[in-house]
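This report refers to the structure that appears directly beneath it.
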Amino acid sequence: LTILVNFQDLSSAVTRADVEDMLNGANYTKNGNICSAKEYFSRVSTGKLTYTNVVVGPYKLSRPREFYVNNLLVEEALTLAVADGLDLKQFDSQNAGIIDALNVLYAGQTQYRGELWPHNWQIQLQFGQMRTDLYLLTSLGRTAADLSIGTFCHENGHLLCRFPDMYDYG
């Protein structure tokens, strides 16, 4: 599940269709990307992982961006999606009552500050019979020209595959 959010004072021109293409598209090569996120995970897993995202939103959060530097927006984003009628059971591939992967992409450029820093982590939220476990948070950008699979795939590598950080500094 990928949820797109705007802030009260900042919105993105990136559309749901733009993000669906970046995450699930075939032969995606826009903005210097060599493939979509789905194609990336298929390649690095030698075909063992088919990672498809359902993209919802964008939803407007209740506060300006600055508020979310010190306040995690994941619960509010998921609450907005559920209130819009989203059935979370479709994101539980193992029938364990746990959402497989929760991604939240926020409007604007990446903020390397507080709770807006691109990251993945654990959050325990309960929505009826479904609960969350791991989530990813990163930026959406301002326009479709900002879309890149880099951070999304890096953080989902931790979230889905439990990859450690393996930065190449050389």
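The values are calculated or read from the model by the stated rules, or taken from the named source; none is laboratory data. Since we're looking at a predicted model, the values are computed, not measured. Every residue, glycine as well, gets a Cβ built from its backbone with ideal geometry; the counts of neighbours run over all protein chains shown. Calculation scope for accessible area: heavy atoms of the full protein, side chains included, ligands and nucleic acids excluded. Shrake-Rupley method; radii C 1.70, N 1.55, O 1.52, S 1.80 Å.
Only one of Tyr112, Tyr106, Tyr68 is crowded, with 16+ Cβ neighbours inside 10 Å, hydroxyl-bearing (Ser, Thr, Tyr) and not in a helix (DSSP H, G or I). Can you tell me which? Lay out the reasoning, then the answer.
Details: Tyr112 fails: crowded, with 16+ Cβ neighbours inside 10 Å; Tyr68 fails: not in a helix (DSSP H, G or I).
One residue alone meets the criteria, Tyr106.
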**Prompt:** Has region 74-83 got any residue that is of a type in the set (Gly, Ala, Ser) and surrounded by 20 or more Cβ atoms within 10 Å (Cβ to Cβ)?
**Reply:** yes
**Request:** Please list, ordered by first then second residue, the pairs with beta carbon atoms under 7 Å, 6 or more apart or interchain, first in region 13-33 and in a helix (DSSP H, G or I), second polar (S, T, N, Q) and open to solvent by 20 Å² or more (accessible area, probe 1.4 Å).
**Result:** Asn24/Thr52; Asn31/Ser148
**Request:** Keeping to region 84-102, report how many residues are surrounded by fewer than 13 Cβ atoms within 10 Å (Cβ to Cβ) and not in a helix (DSSP H, G or I).
**Result:** 7
**Item:** Filtered residues of region 1-40 (kept if surrounded by fewer than 20 Cβ atoms within 10 Å (Cβ to Cβ) and small (Gly, Ala, Ser))
**Value:** Ser11, Ala13, Ala17, Gly25, Ala26, Gly32
**Request:** Kindly check whether there is at least one residue in region 41-52 that is buried (at least 17 other Cβ atoms within 10 Å of the Cβ) and touching a strand residue (DSSP E or B) at 6+ places or on another chain (Cβ under 7 Å).
**Result:** no
**Request:** Please list, ordered by first then second residue, the pairs with beta carbon atoms under 8 Å, 6 or more apart or interchain, first in region 103-132 and within 18 Å of Glu75 (Cβ to Cβ) and modelled with pLDDT of 95 or more, second open to solvent by less than 70 Å² (accessible area, probe 1.4 Å) and among the basic types (Lys, Arg).
**Result:** Tyr106/Arg65; Ala107/Arg65; Leu116/Arg65
**Prompt:** Just one of the numbered conditions (1) within 20 Å of Glu75 (Cβ to Cβ); (2) open to solvent by 10 Å² or more (accessible area, probe 1.4 Å); (3) not charged (D, E, K, R) is not true of Met166; which one?
**Reply:** (1)
**Asked** Of all residues in region 121-152, which are open to solvent by 20 Å² or more (accessible area, probe 1.4 Å), under 21 Å from Glu39 (Cα atoms) and not hydrophobic (A, V, I, L, M, F, W, C)?
**Response** Ser139, Asp146, Ser148, Gly150, Thr151
**Message:** Can you list residue pairs whose Cβ atoms sit under 9 Å apart, with the first residue in region 34-57 being more than 17 Å from Thr151 (Cα to Cα) and assigned to a loop (DSSP other than H, G, I, E, B) and the second being modelled with pLDDT of 95 or more and open to solvent by 50 Å² or more (accessible area, probe 1.4 Å)? Count only pairs 6 or more apart in sequence or on different chains.
**Reply:** Thr50/Lys38; Val54/Glu20; Val54/Gln90
